[in-house]
Structures are given as structure tokens and as C-alpha cells.
Amino acid sequence: MKNSGQVLTGADIFFECLRQEKVEYVFGYPGGAVLKIYEHLYDVDFLKHILVRHEQGAVHAAEGYAKASGKVGVVLVTSGPGATNTVTGIADAYMDSVPIVVFTGQVSSHLIGNDAFQEADIVGITRPITKHNFLVRDVKELAATIKKAFFIASSGRPGPVVVDLPKDVIAAKCQFTYPEEVDLRGYKPNYKGHTNQIKKAAEVISKAKRPLLYVGGGVIMSGSSEELKIFARENKLPVTMTLQGLGAYPGTDELSLGMLGMHGTYWANRAVDSCDVLVSLGARFDDRVTGKVDTFCTKAYKIHVDIDPTAIDKNVVVDLPIVGDVKHVLAELAAEMTTKPDTSAWLAQIDEWREECPLSYEDKDGKLRTEFVIDRICEKTNGDAVIVTDVGQHQMWTAQHYKYNNPRSNLTSGGLGTMGFSLPASIGAAFAVPDRTVVSISGDGGFQMNIQELTTAVANKLPIKIFIINNSFLGMVRQWQELFHAEKFSFTDLGASNPDFVKVGEAFGIESYSTSDPKEVDGLLDKALAVKDRPVLIEFRVVKADMVFPMIPSGASISDMMVKRLNPKRMT
Amino acid sequence: MKHTISVLVENHFGAFDRVATMFSGKGFNIRSISIGETEIEEISRMTIVTEGDDQIIDQVVKQLNRLIDTIKVVDLSDAPRVERELALIKVSVPKGAMEEIKNINDIFRGNIVDITNKSLTIEVTGPPDKIDAAINLLSAFGIKEIARSGIVALKRGEQVRILKEKNITT
């Protein structure tokens with residue numbers, strides 16, 4: 001190992017550790033407490049530092065990088081406000097189990113607790129939103145701590161880890177050795193599922209009449225899409241996916257039912273309600289999936305495969321838990337399947353439901369609608385792009401209409417629902433997978449929450465397709481106001497105050513377009529997709545008051561599913 | 001139902017805080033909590049009394065296990081165990097009541113650890129219901145202050161050889 005055994009400063013040790021971890025990119029922002037690190041960064045050639053324009057952007061960029069590549073995303077920020085600005089991103093990564101390591105500067109050890117300039121107790125602040133965090137108190141602990149941080153972030157159920165680096169620790173010197181292995185006696189993730197449980201699961205699935213695979217982000221994180229494809233197709237098992245699970249199974253495949261839950265497809269939710277065996281793979285039965293727990297999937301024998309034991313029996317009590325990595329479990333499960341279930345009648349029933357209530361939208365009135373835009377993006381990119389959405393209506397329409405062919409293609413803030421996620425996350429994705437088309441889709445509200453990252457995209461000549469779905473409203477909040485809050489559209493109408501997005505784009509030096517004409521969409525998409533060396537921005541001015549359907553209201557049952565608007569006078 | 005959960009944690013800066021933060025963040029109850037050193041220098045034992053139905057206790061144990069700094073989590077509730085708590089009870093001594101208070105102290109095998117003209121401080125050790133009973137009897141004289149340690153507990157019988165199994169060197 002290079003430099004091993006040498007006496008180095010904390011700052012040098014920091015970079016040597018990143019070299020050992022094969023870090024390619026660090027998303028960061030300099031400041032007082034990390035000046036020493038930035039001084040040494042000047043001469044570092046084995047990784048690239050990407051200067052963001054706000055620390056929240058750095059964390060989302062690291063998340064985008066991690067989600068698109070499967071590697072650990074790395075963030076470097078200063079103390080105090082630099083650190084607190086990362087909080088939303090860290091909480092986002094925690095909820096969606098994204099492996100990132102966030103290095104925060106800290107005031108010198110002797111000043112900690114003194115209300116020193118730019119001091120914040122970031123370890124205390126981030127304790128409930130990190131998988132683990134560290135305050136490095138001695139330079140001798142630095143290398144081992146960084147090794148642990150990367151190991152914890154990327155193993156088991158992944159998640160964010162914060163490493164707080166006091167200024168004096170960075171400046172101090174010690175002999176550098178990077179540990180070969182990590183042994184944390186309190187942390188031993190269990191990858192291999194219990195063999196007898198898996199045998200039992202195979203037996204139950206073999207005998208099922210109406211089995212259903214319910215697939216979450218764990219399938220993508222564990223890299224088991226291929227295993228899933230083989231298992232589902234061999235046994236003719238229909239597959240429904242959570243928001244984070246989209247892409248785990250090809251969206252165009254006949255066994256795919258699309259997304260389930262609050263804005264899931266009618267047929268996926270009917271299938272959940274009627275199935276006799278539900279096999280959950282790397283999903284966590286969250287409230288956007290289950291609605292009212294008492295009436296969720298009541299007829300089924302439930303099998304739950306998850307690497308995190310706390311996910312099991314947390315929201316829904318299951319019949320057969322299997323704690324383990326989906327990849328290992330699926331492989332073993334496939335091998336244990338001696339007879340295949342006969343699902344032909346079940347699949348025919350699901351097809352009837354598909355016919356009964358397909359995803360549809362008005363496309364004859366000449367007005368531009370989000371669903372149409374997403375359909376065209378899907379067609380033009382053959383379902384192969386990396387789609388990075390923000391949060392709200394456009395996110396749900398994208399989930400419904402974009403047919404992902406591949407895993408690590410759907411990057412979205414699911415658990416925390418962080419507006420402002422898309423643009424910075426797409427920057428991280430563009431670095432992670434430079435050979436793939438990266439599309440950022442935001443609403444007019446969320447786009448303005450991390451708008452400063454346009455600079456980062458331009459400065460790095462990233463060919464991101466920046467699409468703004470502008471309905472002049474905080475659309476999803478508006479939808480809830482119309483449905484559940486007496487049509488009081490309180491502070492959701494952004495129309496009059498929105499900026500001119502084309503001028504905004506141009507001010508940042510980005511070629512920008514705007515349209516409200518469905519006939520122009522294909523032409524603009526072709527133009528944008530042809531650009532390979534810089535970002536392009538398109539604003540789609542869509543109808544103002546559309547709503548996302550189907551919808552199962554929060555905490556309600558499948559029988560409460562709304563499939564269309566009840567008050568047509570609002571349809572403008 | 002009340003549960004006594006024994007947790008071995010790394011004797012690290014912040015380990016206690018992680019446990020407390022988990023309880024408050026997840027909305028779990030802590031009835032009492034105590035922490036102290038063990039026979040191994042870098043490991044502390046926390047004894048937590050919590051309550052909830054089976055599903056909640058299942059989650060409490062799993063969430064405790066999930067913390068990186070926890071080494072071993074055992075719900076002692078169904079096991080034969082020794083549970084002890086210590087209380088310091090400062091009680092008023094009305095005129096002529098001294099003998100009676102001393103009697104109560106003797107019955108509970110307490111120690112008088114501080115004395116003034118008007119008050120006595122009694123140290124009582126035992127299972128929590130014994131301490132409750134002592135407090136109950138002493139309250140007739142007027143209690144000025146109480147400090148309770150929270151429960152510490154160990155499984156009865158042979159030592160739980162968890163640490164050896166996990167290959168922990170002392």
C-alpha cells in the first residue's frame with residue numbers, strides 16, 4: 001500500500017483513505033474548518049472534487065451517484081452551516097437506504113462545546129438520521145474510522161454515515177496504516193437467509209393459486225434484478241413494484257403490474273387485495289403502499305424477505321419472515337422450487353383488471369399534459385434512460401408512465417419526499433454513468449428549491465436533460481386541497497410569481513426551451529436528447545389543475561380507490 | 001406489559017445517547033434506564049425497563065440490535081432473573097416518630113445514611129416493588145425527596161457466555 005507506515009497529517013490520511021476506498025468523486029464545498037483538507041486536495045489527482053453551490057446539493061448529488069452506480073457517494077463540507085445544510089440530504093439518504101459518507105468539518109477539539117464560530121453539534125443533530133456517525137477525536141483513529149464508515153454505509157441495509165473531523169485532528173500527524181478489515185462486534189449483517197424458512201417459502205409459492213411478488217428498492221440495491229427476472233418468468237409470477245422498486249423488473253414485461261399503493265395501478269392494487277400469497281422482496285410495507293393496514297392484503301399468506309430485521313413485522317405482521325440479502329435468498333428460493341404454481345387463471349384475471357381501468361388521460365383537446373410528456377420521454381429514450389424525478393404529481397405520473405427497462409434507472413426521493421432532489425441528484429448520476437442519458441424531471445416548485453445547482457451542471461458540462469413540468473401550482477398539495485381540504489388552494493398557486501424559466505436557464509448559460517403545445521414535444525425532445533456535451537432545459541407548460549389517479553387516500557383501503565375526478569368543473 | 005431489557009453496549013462516547021435517541025425517535029417508552037461498567041472495560045451494560053405489546057417489544061429489541069454500538073440485547077422478562085433497584089428516600093421526622101421510622105427501615109433492611117434534626121435519609125435496595133412498599137409506608141411521615149437508581153438486572157444461574165461466543169477479548 002502506498003504511503004503505508006509513513007507519518008502523515010490528518011488531511012493526507014483522509015485522502016489516502018479515499019484512495020483505498022477507490023473514491024472517484026467527492027461532492028463538496030470548502031470552508032474554514034476544512035481548509036487544510038482543501039489545501040491538500042489541490043495536489044490530489046486520483047479523485048475529482050465537484051464544487052456544488054449549496055451543501056444540500058452535495059448530498060443529493062452523492063445520492064444520485066450512489067443510486068446510479070451502486071457505489072458509495074462521498075460528501076465533504078465545512079462545520080456549522082456547511083454541516084447543517086446537509087441534514088435534509090442525510091435524512092433523505094437514511095429513508096431511502098442510500099450508501100453515502102458525509103465528511104463534515106468541525107471546530108478544533110478544545111473549542112467543541114464553546115459556541116465557537118461555525119460550530120454545530122452535527123453528530124448530535126444527525127444521530128437519528130444516520131445509520132451511524134463518528135466524531136474523530138484523535139488522528140490515530142482517523143483511518144480506522146473512515147474504513148468503518150465506508151463499510152457501514154455500504155453493507156447490510158445501506159445508509160448514510162457522518163464523519164465529523166475537528167480542525168486539529170486534520171492538522172495533527174501520525175503513522176498511517178489502513179486497516180485491511182473491519183470487525184465491528186455489534187454489527188454483523190446477515191446475508192444468507194434461513195434455509196428452512198426458504199424451503200417453506202418455496203413450498204408455499206409452489207402451491208399458490210394467486211401469488212404476487214411485491215418488490216422494493218432492496219432488489220435493486222442487492223443487484224438481484226436478474227435473479228428476480230428468472231424467478232418470476234420461470235414460475236409465471238406477476239410482479240408489482242414500489243416507487244423505489246421501479247426498474248427492478250422490466251416495466252414493459254407482461255408479468256409487470258407496475259407500481260402499487262397510493263397512486264399505483266388499479267390492477268396492481270386489485271392483485272394485492274386478492275392474492276393468496278404475497279412475497280415481499282426488499283420492501284418495507286410503508287404507509288404509501290399499505291394504506292389502512294387492517295384492510296391491506298388480508299387474504300394472503302405473507303412472506304417477507306429483508307436484510308433489515310427491523311423491517312419485519314414493523315408495519316404489517318407477516319407469516320414467514322426471511323432475514324437475508326434478496327440476492328442470496330432468491331437464488332436459493334429458485335433452487336428450492338420443485339413444482340411451478342399454475343397461475344394462468346390468475347394472470348387472466350389480472351389482465352381483465354388491466355382492461356377494466358387502464359391508465360388514461362385526455363389527449364384530444366390539444367392541451368399539454370404531464371402524462372403525455374412522460375410517455376414521449378419514455379418512447380424517445382426506449383425506457384433506457386436514468387430518470388431522476390423530484391417530488392409531487394410529476395413524480396407519480398413518471399412512476400406510472402415511464403416503463404423502466406433497467407435497475408438503477410429510477411432515482412427519486414421516496415421515503416422523505418424531498419423537493420429539490422432531482423437536479424442535484426441528476427448531477428451525481430451524470431458523473432456515475434456518463435454513457436447513459438440522464439433526465440431530470442422537476443415540477444416548477446421543486447425546481448426552485450435547488451436551482452443553484454444549474455451552475456454545477458454547466459460548470460461540468462453535464463449533458464443532463466433538465467425538464468420542468470410547470471403547472472403553476474404545487475400540484476400534489478393542490479390535489480389534496482381540492483380533494484380533502486375544501487378546495488382552499490392555500491399558498492399553492494405559484495403562477496403569478498414563478499420566474500421565466502427559459503430566461504433563468506439562459507442566465508445560467510443553458511440552452512432553454514418552453515412549450516405548451518403537444519405537437520412540439522417530440523421535436524424538442526429530439527433536440528435535447530441529441531446534445532451530448534452540455535445541459536439542456538425544457539419547460540413544459542402543462543394544464544394547471546390535473547390530478548393523479550388512481551388514488552387511494554392516505555390511511556384508506558383499496559375499496560376507497562378513486563379512479564377519476566368527481567368534480568369535473570375543476571378540470572381546466 | 002413491562003419488560004426488562006439488558007443491553008451490552010460499546011463504552012463509547014455517545015453510545016448512551018444513541019439508545020436514548022432511538023427510544024424517543026421511535027416513540028417507545030422508557031420507564032427506567034441505568035447504565036454502568038461491566039467486567040469488561042470497554043463494554044457497558046444498560047438495563048432498560050420499557051413497556052408495550054408484543055409487537056412493540058419485538059421492535060424495541062430489533063431497533064436496539066440495529067444500533068452499531070450495541071453488542072447484545074436480551075429481553076429478560078421471560079427469564080428467571082435478579083432485579084434490584086436502589087432508592088434514597090429523604091423522609092421528615094415528626095416529633096416522636098423516629099422509632100417508628102427506624103422500625104420501618106429495619107423491616108426493609110435499609111440503611112440510614114444521613115440524619116438531621118428534622119429528616120432522615122434511608123437507603124433501600126431491592127426489587128422495585130419492595131422499594132414502592134417502603135416509599136408507601138414512609139410517605140405517612142412526609143417524604144422530602146426521592147432518588148431511584150433504576151433497575152439493574154441479571155439472568156439467574158450460569159453466566160451467559162455471550163461474550164466468549166462472540167470472540168471478544170478482554
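The values are calculated or read from the model by the stated rules, or taken from the named source; none is laboratory data. Owing to the predicted nature of the structure, the values given are computational and were not obtained by experimental measurement. Note that each Cβ is placed from the backbone with ideal geometry, even for glycine, and that neighbours are counted across all protein chains shown.
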Cβ-Cβ under 7 Å, sequence separation 6+ or interchain: first residue in the range A:182-206 and farther than 12 Å from residue A:321 by Cβ, partner surrounded by fewer than 14 Cβ atoms within 10 Å (Cβ to Cβ) and not basic (Lys, Arg). Which pairs? A:206/A:338; A:206/A:339
Log entry, pairs with first residue in the range B:85-114 being of a type in the set (Phe, Trp, Tyr), second being surrounded by 14 or more Cβ atoms within 10 Å (Cβ to Cβ), beta carbons closer than 6 Å, six or more apart or on different chains, reads B:108/B:124; B:108/B:134
From A:363, A:351, residue being more than 14 Å from chain B (Cβ to nearest Cβ) and either of a type in the set (Val, Ile, Thr) or in a helix (DSSP H, G or I) (or both): A:351
Out of B:55, B:59, I need the residue that is assigned to a helix (DSSP H, G or I) and modelled with pLDDT under 95. Which one? B:55
Do we have residue A:247 as of a type in the set (Gly, Ala, Ser) and part of a loop (DSSP other than H, G, I, E, B) here? yes
Filter the range A:132-145 down to residues that are part of a helix (DSSP H, G or I) and within 14 Å of chain B (Cβ to nearest Cβ) and give me whichever is nearest to residue A:306 (Cα to Cα). A:145
Hey, any hits in the range A:322-332 for a residue that's under 25 Å from the mean Cα position of the chain (by Cα), surrounded by 16 or more Cβ atoms within 10 Å (Cβ to Cβ) and either within 11 Å of another protein chain (Cβ to nearest Cβ) or at pLDDT below 95 (or both)? yes
Is at least one residue of the range A:550-565 in a loop (DSSP other than H, G, I, E, B), touching a residue at least 24 places away in the same chain (Cβ under 8 Å) and basic (Lys, Arg)? no
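Per-residue answers, yes or no, for (1) basic (Lys, Arg); (2) in contact with a strand residue (DSSP E or B) (Cβ under 7 Å, 6 or more places away or on another chain); (3) not in a helix (DSSP H, G or I):
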position	(1), (2), (3)
A:71	yes, no, yes
A:93	no, yes, no
A:97	no, no, yes
A:101	no, yes, yes
A:104	no, yes, yes
A:116	no, no, yes
A:120	no, no, yes
A:128	no, no, no
Give me the residue from the range B:64-99 that is under 30 Å from residue B:115 (Cα atoms) and touching a Phe, Trp or Tyr at 6+ places or on another chain (Cβ under 8 Å) and, out of that set, surrounded by the most Cβ atoms within 10 Å (Cβ to Cβ). B:91
If you take the residues in the range A:419-456 that are aromatic (Phe, Trp, Tyr) and buried (at least 24 other Cβ atoms within 10 Å of the Cβ), which one is nearest to the chain's Cα centre (by Cα)? A:421
Go through the range A:102-117 and count every residue that is away from chain B (no Cβ under 14 Å) and within 19 Å of residue A:14 (Cβ to Cβ). 6
Would you mind finding the one in B:18, B:45 that is within 14 Å of chain A (Cβ to nearest Cβ), out of contact with any Pro (no Cβ under 6 Å at 6 or more places or on another chain) and either farther than 30 Å from residue A:95 by Cβ or assigned to a loop (DSSP other than H, G, I, E, B) (or both)? B:45
Please work out which one of (1) surrounded by fewer than 21 Cβ atoms within 10 Å (Cβ to Cβ); (2) within 14 Å of chain B (Cβ to nearest Cβ) is the condition residue A:166 fails and give its number. (1)
Selection count, the range B:15-52, where residues are of a type outside the set (Val, Ile, Thr) and without any contact (Cβ under 8 Å) to a residue 12 or more places away in the chain: 4
Which residue, of A:488, A:503, is surrounded by fewer than 13 Cβ atoms within 10 Å (Cβ to Cβ) and within 29 Å of residue A:380 (Cα to Cα)? A:503
Looking at B:92, B:32, which is the one that is farther than 28 Å from residue A:316 by Cα, of a type in the set (S, T, N, Q) and over 19 Å from the mean Cα position of the chain (by Cα)? B:92
For the structure I just gave you, tell me whether residue A:68 is away from every other protein chain (no Cβ under 14 Å), crowded, with 19+ Cβ neighbours inside 10 Å and touching a Lys or Arg at 6+ places or on another chain (Cβ under 6 Å). yes
Residue A:249 being within 17 Å of residue A:401 (Cβ to Cβ), crowded, with 20+ Cβ neighbours inside 10 Å and of a type outside the set (A, V, I, L, M, F, W, C): yes
Could you identify the single residue in A:487, A:539 that is at pLDDT 95 or above, more than 30 Å from residue A:273 (Cα to Cα) and touching a helix residue (DSSP H, G or I) at 6+ places or on another chain (Cβ under 8 Å)? A:539
For residue B:124, the lone unmet condition from (1) in contact with a helix residue (DSSP H, G or I) (Cβ under 8 Å, 6 or more places away or on another chain); (2) surrounded by 14 or more Cβ atoms within 10 Å (Cβ to Cβ); (3) outside any strand (DSSP E or B) is (3)
Could you look through the range B:48-84, keep only residues that are of a type in the set (A, V, I, L, M) and over 19 Å from residue B:18 (Cα atoms), and pick out the one that is nearest to the other protein chains (Cβ to nearest Cβ)? B:76
